[in-house]
Amino acid sequence: MIYRIKYGRYEGVKYISHLDILKLFDRATRRADLPVAYSEGFNPHPKFVFGMPIPVGTTSESEYVDITFTEVIKKEDVLNKLNDALPPSVRILEINEITEQTPNIMKNMAAAKYRIKADFEEGEIEKIVAKAHEKDELVVEKKSKSGTKMVDIRPMIFFAKKEDDALILTTAAGNEVTLRADLAVTTLAGRDLKIKSIHRLALLTKDEIK
Amino acid sequence: MSYIPDDILLSVEKPSRYTGGEWNEVIKDKNEIDIRVGFCFADIYDIGMSHLGLKLLYHMLNERKDTWCERVFAPWPDLEEKMRAEGYKLYALESQEPVENFDMLMFTLQYEMAFTNILNMIDLAGLPVYSKDRTEGMPFIIAGGGVANNPEPLADFVDVFNIGEGEEVLNEILDCYKEWKKAKKPRIEFLKEVSKIEGVYVPAFYRTEYNEDGTIKSFEPTEPEAKNPVKKRVVESYDKCYFPEKFVVPYGNVVHDRIMIEVMRGCSHGCRFCQAGFIYRPVRERSIDTIVNLADKLVKSTGYEEISLLSLSTCDYTDIAGLADRLLDKFEEKRVSLSIPSSRVDAFTLGLAERVSKVRKSGLTFAPEAGTQRMRDIINKGVNEEDLLKSARLAFEGGWNNVKLYFMLGLPYETDEDVLGIPALAKKVLDEYYDVYANRKCRRPEITVSVSTFVPKPFTPFQWCEQITTEEIKRRQQLIKTNLDKRIRFSWHNPETSVLEGTLSRGDRRIGQVIYNVWKDGGKFDAWDEYLSYERWEKAFADAGLTMEFYNQRERRENEILPWDHISVGVTKRFFRCEFEKAKRGELTKGCLEKCSACGMTSYGKGVCVNDIQN
């Protein structure tokens with residue numbers, strides 16, 4: 001059976017890489033003595049399918065992993081046993097059963113919603129929110145392995161609002177196109193912000209974007 | 001919260017090295033303990049967290065209710081630069097607090113090239129690097145581990161050395177410290193009191209005088225408490241002595257990221273170049289029951305997918321096949337694999353290799369050490385070509401195509417013929433592969449020849465020997481390279497590192513000035529080729545009025561006082577001399593399991609010496 005597991009990764013593990021998360025789940029499931037299924041072949045590995053990697057330094061309460069088990073096991077058991085076997089800065093939040101036919105977690109995802117804290121000046125968040133809802137082009141230099149290119153990130157910025165001293169920002173995140181939150185916020189601010197924290201609140205489908 | 005702010009951490013490589021919080025880390029209430037210990041490893045997290053000794057002593061010290069032991073590693077230079085620029089000090093991972101006000105900083109000494117890092121860490125902690133400059137209220141610097149057997153190069157910087165096995169003596173040192181702290185006595189009183197403990201060496205309590213030619217004239221204690229010689233400690237019962245039932249599990253990639261269980265201590269063979277083979281005598285084993293029990297607890301507590309059975313020569317474990325079977329029966333279905341670090345050529349059997357690779361098939365390492373029989377006899381490596389080829393053949397027949405051959409270059413009395421024996425032997429191994437697969441389809445063989453440079457070490461029969469120069473090392477490496485079959489991979493060590501190791505490992509107290517000069521001149525991470533500057537070391541020697549040649553490029557006289565003569569590891573100087581003479585004649589000495597060679601170790605009355613292998 002396959003469970004889609006939603007988990008959060010907080011302060012204590014925000015610097016660990018995507019590969020390290022995979023290793024962490026491998027070891028945690030062994031500590032929890034859960035019957036994880038393994039791939040066949042020369043070098044068997046546990047059947048985990050992770051959602052989109054998150055940039056190092058970012059916390060999140062909307063991470064996903066699909067885990068295949070060799071035997072029937074109750075959701076609550078997986079939740080409790082895994083939480084006992086994970087460091088406190090990784091928490092299992094929700095578990096749902098899926099089938100092999102269920103689309104990959106990233107398949108329908110279009111955006112991610114972030115809470116961003118930075119050295120915002122008085123009134124700056126309001127300005128960023130206004131800027132986020134303008135329509136004109138927003139061209140940035142994007143570095144990739146093949147060199148740098150100019151990209152209009154406007155179509156990748158969906159929504160922004162102020163919440164206390166933080167900025168809530170929804171940007172493109174999915175299989176086709178993804179915009180890093182730090183790049184989006186510094187471009188909107190038009191200056192080199194000192195970012196204090198970025199927290200991913202949710203992954204959203206096209207219909208859920210607002 | 002991390003001690004180093006996020007904006008700095010985000011700007012350095014691998015920030016997860018610096019934040020702690022791993023599974024099984026030990027957190028205590030600092031108000032409810034008496035002693036705060038920083039267990040320091042003078043290299044980065046990735047290396048330090050691969051070291052079994054650190055894991056063992058960390059959990060052992062934390063068993064004490066009165067002590068909180070935390071881990072301290074050297075920050076990589078990208079972070080160190082920022083820490084120094086913004087006034088951050090060396091800190092411990094668990095509490096994320098500076099170690100400046102801890103009670104003790106314990107360094108484990110694993111390689112000489114980390115010496116400058118030790119000074120750098122003490123300095124980054126905000127403490128004076130010289131022992132004599134540290135005052136009341138500052139932590140004591142304690143050091144132990146293999147390299148501490150010649151403590152003299154660090155004598156000016158370290159307050160207290162632990163010579164030999166730490167499992168028991170560290171607790172005695174902490175008990176002594178606690179008494180001293182309670183009595184609110186001056187710093188010197190702790191040093192006097194602690195030096196009464198067997199296996200403890202306080203270098204400030206000894207004075208060295210030198211002859212005009214630079215050799216040692218005398219080495220005398222200056223305080224009544226100071227022992228001469230200082231005898232290494234050996235645990236009361238090896239099978240029963242402490243071994244952790246959990247390890248801290250790192251998040252990131254560290255070099256050795258697996259369960260490590262020490263199954264045996266000491267080595268019975270007595271290869272003449274090998275310091276570990278002598279200083280860890282006598283041979284003792286953990287019982288199979290103890291090992292299986294530990295493995296069970298460690299798999300449950302860590303979730304690791306691999307168990308490595310560690311020792312100097314694991315294939316010599318009395319019932320290694322039985323042990324491997326027991327472990328495989330228990331863990332195979334949990335997908336936990338077994339590994340053994342390296343294999344002696346003669347002890348290799350296909351059955352064992354299959355057991356080890358049952359879950360995952362990895363490469364095999366054989367260590368013939370030298371290319372000719374003449375040379376192998378000189379170093380007392382009691383294996384022959386036939387053994388190696390037979391083992392290699394068995395491995396190839398068993399489906400392995402990945403074999404690493406480990407050799408040493410620059411051994412005493414080595415000739416070009418011996419050097420050329422290395423590529424010749426490797427070629428025979430390659431031929432064996434194609435012979436096994438004659439007229440059959442096969443994968444390309446992956447054979448690697450790894451050649452390190454011989455470094456003469458204290459407490460070995462070769463402790464008197466000269467080491468060859470960097471130029472000569474390069475010439476001999478080239479000789480191997482040009483004569484090696486192109487289908488075989490070749491890896492070698494940096495010649496300058498080897499020569500520096502040879503110089504430092506047999507250094508006396510005056511070397512302290514050299515280490516200080518190098519560090520002052522910006523030297524650190526000398527174990528990393530990209531940071532090592534040989535010129536800096538040459539200049540530091542010159543500035544201290546010393547030469548590397550004196551320490552490294554001369555054969556020492558038989559009657560010379562050696563800088564480590566006041567340390568006793570149990571094996572006597574007389575035995576080493578006798579072995580040195582036998583080496584010159586190419587005579588073999590039998591291993592402890594076959595015949596006692598009266599090395600002196602029987603005075604401890606333990607292990608193989610008294611036919612009580614688990615004690």
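The values are calculated or read from the model by the stated rules, or taken from the named source; none is laboratory data. None of the values given here were measured: they were computed from a predicted structure. Note that we place each Cβ from the backbone using ideal geometry, even for glycine, and neighbour counts take in every protein chain shown. When the accessible area is computed, the model is the full protein with side chains, heavy atoms only, and any ligands, DNA or RNA have been set aside. Shrake-Rupley method; radii C 1.70, N 1.55, O 1.52, S 1.80 Å.
The table below gives the values:
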item: Of all accessible heavy-atom area on segment A:109-208, the percent that carbon and sulfur account for (1.4 Å); result: 48
item: Part-to-part distance (alpha-carbon centres) for segment A:7-54 and segment B:29-79, which is given in Å; result: 27
item: Over segment A:109-208 - Rg/Rh using Cα atoms and the Kirkwood inverse-distance radius; result: 0.95
item: For the protein assembly as shown, average projected area of the Cα convex hull in nm²; result: 38.6
item: DSSP bridge pairs, chain B: antiparallel proportion in percent, nearest 5; result: 20
item: Å² per residue, accessible surface of chain A at 1.4 Å; result: 51
item: Angstrom value of the Kirkwood radius, inverse mean 1/r, which spans all Cα pairs in segment B:150-196; result: 11.6
item: Over segment B:496-615, equivalent-ellipsoid semi-axes from the Cα gyration tensor in Å; result: 36, 17, 14
item: Charge dipole (debye, nearest 20) of the protein assembly as shown; +1 at Cβ of Lys and Arg, -1 at Cβ of Asp and Glu; result: 1300
item: In segment B:455-533, trypsin sites (Lys or Arg not before Pro) in a DSSP loop with at most 11 other beta-carbon atoms within 10 Å; result: B:K486
item: Rule-of-thumb Rg ratio for segment B:6-231 [Cα; 2.2 N^0.38 Å; N residues]; result: 1.03
item: Complex-versus-alone comparison for segment A:62-108, residues with a loss of 30 Å² or more in accessible area, probe 1.4 Å; result: A:P87
item: Mean projected area (nm²) of the alpha-carbon convex hull when segment A:2-98 is viewed from all directions; result: 5.9
item: Local electrostatic count at B:W76 - Lys and Arg +1, Asp and Glu -1, tallied over other residues with Cβ under 11 Å; result: -2
item: Sparse-neighbourhood loop sites, chymotrypsin sites (Phe, Trp or Tyr not before Pro) in segment B:103-150 - DSSP loop, at most 15 other Cβ within 10 angstrom; result: B:Y130
item: Lys/Arg +1, Asp/Glu -1 at C-beta; the protein assembly as shown dipole; positive extreme among B:S391, B:Q614, B:G570; result: B:S391
item: For chain B, diffusion coefficient by Stokes-Einstein and Kirkwood Rh (Cα), 20 °C, 1.002 mPa s, µm²/s; result: 84
item: Pairs from A:K131/A:K196; B:K14/B:K89; A:K145/A:K196; B:K65/B:K240 whose Cα-Cα separation, in the structure shown, is over 24 Å; result: A:K145/A:K196
item: Rg ratio (alpha-carbon, reference 2.2 N^0.38 Å) - segment B:171-280; result: 1.50
item: Spread of Cα-to-Cα distances over 5 Å intervals beginning at zero, given as percent, for segment B:227-280; result: 4, 12, 16, 16, 18, 18, 10, 5, 1, 0
item: Cα-based equivalent ellipsoid, chain A: semi-axes from gyration tensor eigenvalues, Å; result: 35, 18, 16
item: Residue pairs, from the table A:K14/B:K30; A:K23/B:K441; B:K217/B:K457; B:K192/B:K539, whose Cα atoms sit over 30 Å apart; result: A:K23/B:K441; B:K192/B:K539
item: For segment B:279-318, residues shielded by at least 30 square angstrom of accessible area compared with the chain on its own, probe 1.4 Å; result: B:G303, B:E305
item: Given charges at Cβ of Lys, Arg, Asp, Glu: the protein assembly as shown dipole, positive-most of B:V254, B:G21, A:T70; result: A:T70
item: Restricting segment B:134-199 to trypsin sites (Lys or Arg not before Pro) in coil, as DSSP defines it, with at most 14 other Cβ within 10 Å; result: B:K184, B:K196
item: Centroid-to-centroid separation of segment B:117-141 and segment B:561-586 [C-alpha atoms, Å]; result: 35
